Amino acid sequence: MCVTSSSNGTVLATQPTAPAATAAAMCGSSLLRELAEHTTATVEIYLYDILPTWRVIALDETLFVSSFGNDIEGHTSPMYKISSAAHGGAMHRGFRRFVGELQRTAQRVM
């Protein structure tokens, strides 16, 4: 999920029909639709069908990153904070580029 401000958000989620999809991800999409319907928040949801590797949460210019593995879900793995300045610059640019490409190639559903 990438959030650019307190009232706007972009969510990239695995297609519900993809083998890697989880019930939690599908439930999350339902909650986001409900949020968009009952608040003034602007929410965009995009679905992709590649194997999820990274869980990225972007708050303004700070990224929080964790990974998926064969035996671990993104929400249970350690989360790392990556800033755009100083030593985190290259990683920050790489994750921003990854998320941008994932959004560009995903199907917007809301």
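The values are calculated or read from the model by the stated rules, or taken from the named source; none is laboratory data. Keep in mind it's a predicted model, so treat the numbers as computed, not measured. Because the Cβ atoms are built from the backbone with ideal geometry, glycine has one as well, and the counts that use them run over all protein chains shown.
Here are the numbers for the structure shown:
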read-out	value
Subset of the stretch 77-91 [out of contact with any His (no Cβ under 8 Å at 6 or more places or on another chain) and at pLDDT 80 or above]	Ser77, Pro78, Met79, Tyr80, Lys81, Gly89, Ala90, Met91
Condition check for Thr53: modelled with pLDDT of 80 or more, among the hydroxyl-bearing types (Ser, Thr, Tyr), exposed (fewer than 15 other Cβ atoms within 10 Å of the Cβ) and over 15 Å from Arg96 (Cβ atoms)	yes
Restricting the stretch 61-79 to residues that are part of a loop (DSSP other than H, G, I, E, B) and not aliphatic (A, V, I, L, M), the residue that is nearest to Arg97 (Cα to Cα)	Glu61
Yes/no for Gly94 being at pLDDT below 85, outside any loop (DSSP other than H, G, I, E, B) and more than 16 Å from Ala13 (Cβ to Cβ)	no
The stretch 81-110, subset surrounded by 12 or more Cβ atoms within 10 Å (Cβ to Cβ) and in contact with a helix residue (DSSP H, G or I) (Cβ under 9 Å, 6 or more places away or on another chain), residue nearest to Val43 (Cα to Cα)	Met110
